[in-house]
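Asker: Here it is, the structure, as structure tokens.
All of the numbers you see were taken from the coordinates with simple rules; none came from a lab. Here the structure is a predicted model, which is why all the values come from computation and not from measurement. Reconstructed Cβ throughout: ideal geometry from the backbone, glycine too, with neighbour counts over all protein chains shown.
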């Protein structure tokens with residue numbers, strides 16, 4: 001039997017595979033958009049997965065015009081409250097915060113999420129930002145989620161800094177000034193058929209060995225000391241372990257960004273996607289939600305940050321024709 005070559009698996013671009021500092025995800029980049037001022041992101045909570053039937057609308061696809069079965073992820077996205085506005089100046093060391101303005105009478109679920117907060121008049125904060133518009137290069141709003149409106153077990157809000165795009169800095173400021181203290185729906189930011197990026201933290205799997213972490217093959221049963229390990233960790237010289245040698249370590253709980261996830265549906269009727277009895281370990285979808293094609297990182301109830309697509313795509317921009325959404329009862333423990 002010929003020997004099967006089994007090199008180290010996994011992309012090295014993610015190394016070192018260390019644990020994320022926060023399970024809320026980190027957005028490192030915001031794309032540039034044209035047109036009127038708008039928000040470039042939103043946040044929601046992963047409810048679960050289902051499958052749909054839709055009409056393939058890519059003209060060059062072999063199944064063009066046919067009904068196809070696709071996996072889909074439901075992300076519940078209750079309205080977010082715009083609680084603050086922050087101005088940034090671009091320097092040689094990156095973006096530097098100039099000043100900020102907060103809404104008056106912050107909700108209790110938002111105050112629980114703030115470590116420090118300076119009480120002040122929002123009008124004075126807005127006037128200070130307006131006086132520094134000549135130095136301002138970026139404007140971002142601070143929005144708070146409402147998880148209590150979703151799955152209900154979490155009371156404290158998750159804060160997200162959302163960049164603004166389109167128009168000039170002055171136009172963005174006027175637009176953001178009208179949003180301060182108001183609620184924003186996901187339908188105001190994204191639409192069906194649009195391509196977006198998802199940012200989140202993957203499921204945590206703890207400290208794992210090289211077989212599970214890197215996919216190397218097992219050694220023969222007569223091997224010395226170990227079977228689920230590496231036969232050789234490298235040469236005598238140089239006297240160090242090379243970075244390409246698969247080693248044990250942290251697996252999961254990594255910050256990841258997935259590009260170009262297509263929105264199949266943006267709706268507020270949760271019964272269309274909620275299975276009978278609710279999603280396992282989540283419950284019923286009671287607010288606005290989006291249906292994304294494919295899978296999304298992280299377990300249920302994990303915060304998923306949504307961003308305008310940073311890369312181009314060949315998918316049509318028109319909303320897809322969804323013919324069926326599965327919402328049957330699928331809990332294995334109840335079926336048994």
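Asker: Output needed for the stretch 123-278: three equivalent-ellipsoid semi-axes, defined as square roots of 5 times the C-alpha gyration tensor eigenvalues, in descending order, whole Å.
Answerer: 48, 25, 15
Asker: What translational diffusion coefficient, to the nearest whole µm²/s, does the stretch 1-152 have by Stokes-Einstein, given a Kirkwood radius computed over alpha-carbon pairs, a temperature of 4 °C and 1.567 mPa s viscosity? Provide the component values of the computation, followed by the final result.
Answerer: Values: Rh = 20.6 Å.
Value of D from the Cα-based Kirkwood radius: 63 µm²/s.
Asker: Among 251, 164, which comes first, then next, by fewest other beta-carbon atoms within 10 Å?
Answerer: Lowest count first: 251, 164.
Asker: Could you tell me which of rounded, prolate or oblate describes the stretch 253-336, using a ≥ b ≥ c as the square roots of the eigenvalues of the alpha-carbon gyration tensor, with rounded for a/c under 1.5 and, failing that, prolate when a/b is larger than b/c and oblate otherwise?
Answerer: Numbers: a/c = 2.17, a/b = 1.42, b/c = 1.53.
Since a/c reaches 1.5 but b/c is at least a/b, the shape of the stretch 253-336 is classed as oblate.
Asker: For residue 55 and residue 177, compute 0.36 nm times the residue count separating them, minus their Cα-Cα distance, and round to one decimal in nm.
Answerer: Numbers: separation 122, 0.36 × 122 = 43.92 nm, distance 4.16 nm.
My answer for the length gained is 39.8 nm.
Asker: Follow-up. Taking 0.36 nm per intervening residue step and subtracting the Cα-Cα distance, what contour gain separates residue 128 from residue 227 on full extension?
Answerer: Difference between extended and current length: 29.1 nm.
Asker: While we're looking at this one, here's another question. Return the distance in nm (one decimal) between the two label points of a simple spin-label model at residue 92 and residue 207, each offset 7 Å from Cα along Cα→Cβ.
Answerer: For the pair residue 92/residue 207, the computed spacing is 4.4 nm.
Asker: If neighbour count is taken as other Cβ atoms inside 10 Å, put 156, 90 in order from fewest to most.
Answerer: So the residues, fewest neighbours to most, are 90, 156.
Asker: Given just the C-alpha atoms of the stretch 12-81, how large is their convex hull per residue in cubic angstrom?
Answerer: It comes to 237 Å³ per residue, whole-number rounded.
Asker: Counting helices only, and only those DSSP H runs with n ≥ 4, report the 222 nm mean residue ellipticity of the chain as the sum of -39,500 (n - 2.57) divided by its residues, in deg cm²/dmol to the nearest 500.
Answerer: -2500 deg cm²/dmol
Asker: If you don't mind, there's one more thing I want to ask. So between residue 156 and residue 315, what do we pick up on full extension, going 0.36 nm a residue minus the alpha carbon distance?
Answerer: Details: separation 159, 0.36 × 159 = 57.24 nm, distance 3.74 nm.
Between residue 156 and residue 315, full extension yields 53.5 nm more.
Asker: Something else: Order 257-267, 180-190 from most to least packed using the mean count of other Cβ atoms within 10 Å.
Answerer: Numbers: 257-267: 18.9, 180-190: 17.3.
Highest to lowest by the protection proxy: 257-267, 180-190.
Asker: Give the Cα extents of the stretch 180-219 along the principal axes, in whole Å, largest first.
Answerer: Projected onto its principal axes, the Cα set of the stretch 180-219 covers 59, 27, 10 Å.
Asker: May I ask you to derive the FRET efficiency for residue 135 and residue 269 from their Cβ-Cβ distance with R0 = 56 Å, giving the value to the nearest 0.05?
Answerer: 0.75
Asker: When Rg is the radius of gyration of the Cα atoms in the stretch 198-322 and Rh is its Kirkwood radius, what does Rg/Rh come to?
Answerer: For the stretch 198-322, the value is 1.15.
Asker: Follow-up. Give me the tail of P(r) for the stretch 93-197 as a percent: Cα-Cα pairs with distance above 15 Å. If you can, show how the numbers build up before the last one.
Answerer: On the way: 3814 of 5460 pairs.
The calculated P(r) of the stretch 93-197 puts 70 percent of pairs beyond 15 Å.
Asker: May I pose another question? Which order do peptides 75-84, 239-248 fall in by mean Cβ count within 10 Å, highest first?
Answerer: 75-84, 239-248
Asker: Another question, if that's okay. Give me the distance between the Cα centres of the stretch 39-90 and the stretch 204-266, rounded to whole Å.
Answerer: Computed from Cα coordinates, the inter-centre distance equals 31 Å.
Asker: Okay, next question. Between residue 36 and residue 63, what's the calculated FRET efficiency when r is the beta-carbon distance and R0 is 41 Å? Round to 0.05.
Answerer: The calculated FRET efficiency here is 0.65.
Asker: Which of 213, 17 has the fewest other C-beta atoms within 10 Å, and how do the rest follow up to the most?
Answerer: Ascending Cβ contact count within 10 Å gives the list 17, 213.
Asker: In the stretch 239-256, which residues have a backbone nitrogen under 17 Å from the label point lying 7 Å from residue 9's Cα in the Cα-to-Cβ direction?
Answerer: 245-249, 251-252
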